Amino acid sequence: MKVLVDRSDVERFRELVAVRLGLHFDDAKLDFLADTLRERTAAAGCGPASYLDRLAAPAGWREESGPLAEALTVTETFFFRNGDHFRALLEAVLPSRATAPGARRELRILSAGCASGEEPYSLAILLRERLPALLAGCVTKIVAVELNPAMLRKAEAGRYSEWALRETPADVQERWFRAVGRDFQLDPSLRATVAFEPRNLVDEDLAFWQAGAFDVVFCRNVIMYFRPDVARAVVARIARALVPGGVLFLGHAETLRGLSEAFHLRHTHGTFYYERRGGTEPGGAPEPQRSERAPAPGPAPAPAPHPPDGSWVNAIQDASDRIARLAGTPGRASTFPDAARVGGGPVRASAVAPRGCPDLGVALELLRAERFSEALDLLHALPPESLSDPDAQLLRAVLLTNAGARAEAEAACARILEVDELNAGARYLMALCREQAGDLRAAVEQDQAAIYLDPGFAMARVHLGRLARRSGDVSAARRELGQALVLLPREDASRILLFGGGFSREALVGLCGAELAACGGAP
Ligand SMILES: C[S@@+](CC[C@H](N)C(=O)[O-])C[C@H]1O[C@@H](n2cnc3c(N)ncnc32)[C@H](O)[C@@H]1O
């Protein structure tokens, strides 16, 4: 008999799943959630309301969490996924440990959300082969935790399809796997080096998440499925369990932006990872490390043409309208430009709030009119507490960059990044400043960081694409300019106003298309 579930049942189910498993399902996935609720309710032999009551009670939840995890999790994984992470670990993180004062003789690694084991086993293989040369006498401990019981069973069996080995070099496959029918069996001696355990990352367990329990955490392609409040709590737990200076690898599509300030962003081997604050980092504003794959510096680009642009007026008008709306919303904490992720996170309201706070709308109008020094004077006339506002600081950095006051602009960006290292807007402005200084390699790195932190940041892609073109990296230029062309039409008007360098959306699209055509791409 088909179980009938209504919208309120599904909403209740969605909330329980988010709170208990962390998993967030948006409205587009409601049908999938309704199907799962129907199936589980039918298996329990009751109606949806009593099934949901059962889930809300600890004993009922214990029984159902396994089947629900199996029904609701995304478990895609494979051996040596995102090889750049492993290279960064072996060639940057571990060698620096070897020289760190008081380095321990044990390397403790956590694979959080290990799925069917490919990630921790990849680590086990690499460390077995490479660790003795890197950290002589160092003992490795790899702990791998997972919510989905079916995945854990598969991990413990250590038997994999050819597909799971698609990124595994033939010689590694030869050394560590034995063909069994159409599958491949992992060497039992490696199997024994990983301690698997069932664990829900959402659950607090002080005995497991002890302060400083791990040196390295891989939590890749896990928090992207979590509701932001749960992701924040899980990352805080991971931060606590990492030693100061310990490192965290996330998936390529994941960032800590808006989730945690406990880490420095690091960049090496064409990838990003996070380092727990409090290690032996140098003082001052952290910079991403040099990427070995950054395009070589080339001649500085010619100054961009500056077409007249009527749409600035609309952009300003839109921003002002939003500001006015917000100003008329008592108690609302934040924000100018709608979704104004100008700095890599929603902009707080204080900068545009009406009572005694800076009116950035006027300064934005002056920016639009390219009256940079007047806008700067206006900002400087603000009370000191307003000037420390992140929005005001970012706008000041934009104005200084546009005014060509490079050293001051860089200092302003550095101050923003000292407080908010994951501020994509400040990274992008840094890129412009470094380009002005002729340091194209650093400009590329800062753009790459901005894009990593905010993949939808169209102007950073335009800039990176132009830098790549000038350095002769045609394929990178095509990739970034092509992406920018897709993103520009939906880029927030206020971000174009702030970061577009005086170009309208249409002019930026035109510029980008011309650049793309010049490097042989199709606009
Ligand atoms: C997409 S897989 C990623 C596997 C591996 N980390 C990788 O990047 O290849 C995500 C895994 O996280 C697990 N997961 C999801 N929510 C979890 C939770 N609350 N606690 C522990 N594991 C969870 C899922 O069951 C799934 O196996």
Using alpha-carbon positions, the gyration tensor of the range 375-452 gives root eigenvalues a ≥ b ≥ c; with a/c under 1.5 called rounded, otherwise prolate if a/b exceeds b/c, else oblate, the class is oblate
Whole-Hz Karplus couplings 3J(HN,Hα) for the range 406-421, θ = phi - 60° and coefficients 6.51, -1.76, 1.60, Gly and Pro as x, run 4, 4, 5, 4, 5, 5, 5, 5, 4, 5, 5, 6, 4, 8, 9, 5
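May I ask you to sort Arg441, Arg461 by Cβ crowding, counting other Cβ atoms within 10 Å and putting the fewest first? Please report the intermediate quantities before stating the final value.
Numbers: Arg441 16, Arg461 26.
Sorted ascending by nearby Cβ count, the order is Arg441, Arg461.
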Pseudo-spin-label distance Phe208 to Asp6, built 7 Å along Cα→Cβ, given in nm, is 3.8 nm
Here the range 443-458 yields Karplus 3J(HN,Hα) values (6.51, -1.76, 1.60; θ = phi - 60°; whole Hz; Gly and Pro given as x) of 4, 4, 5, 5, 4, 4, 5, 4, 6, 4, 6, 9, x, x, 7, 5
Contour minus Cα-Cα span, Ala28 to Glu385, at 0.36 nm per residue, comes to 124.2 nm
Using alpha carbon centers only, the range 428-492 is separated from the range 177-199 by a whole-angstrom value of 42 Å
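Please give me, ordered by residue number, the GluC sites (Glu not before Pro) of the range 19-104 that lie in loop per DSSP and have at most 15 other Cβ atoms within 10 Å. Mind showing how you got there, number by number?
Numbers: sites: Glu39, Glu63, Glu64, Glu70, Glu76, Glu91; in loops: Glu76.
Those that pass, being in a loop and sparsely packed, are Glu76.
Shape call for the range 104-206 from the C-alpha gyration tensor, a ≥ b ≥ c root eigenvalues: rounded (a/c under 1.5), prolate (a/b greater than b/c) or oblate?
Values: a/c = 2.35, a/b = 1.08, b/c = 2.16.
Since a/c reaches 1.5 but b/c is at least a/b, the shape of the range 104-206 is classed as oblate.
Sorting Ser471, Ser116 on the 10 Å Cβ count, fewest up front, what's the list? If you can, show how the numbers build up before the last one.
Values: Ser471 19, Ser116 24.
Arranged by neighbour count, lowest to highest, Ser471, Ser116 become Ser471, Ser116.
Mind checking the full-extension length gain between Glu374 and Thr75? Use 0.36 nm per residue of separation minus the Cα-Cα distance, one decimal, nm.
Values: separation 299, 0.36 × 299 = 107.64 nm, distance 5.50 nm.
The span from Glu374 to Thr75 would gain 102.1 nm if fully extended.
Each reported figure results from applying straightforward, stated rules to the coordinates on display, with no laboratory input. Since this is a predicted model, take the numbers as computed values, not measurements. No Cβ is skipped: glycine too gets one built from the backbone with ideal geometry, and neighbour counts run over all protein chains shown.
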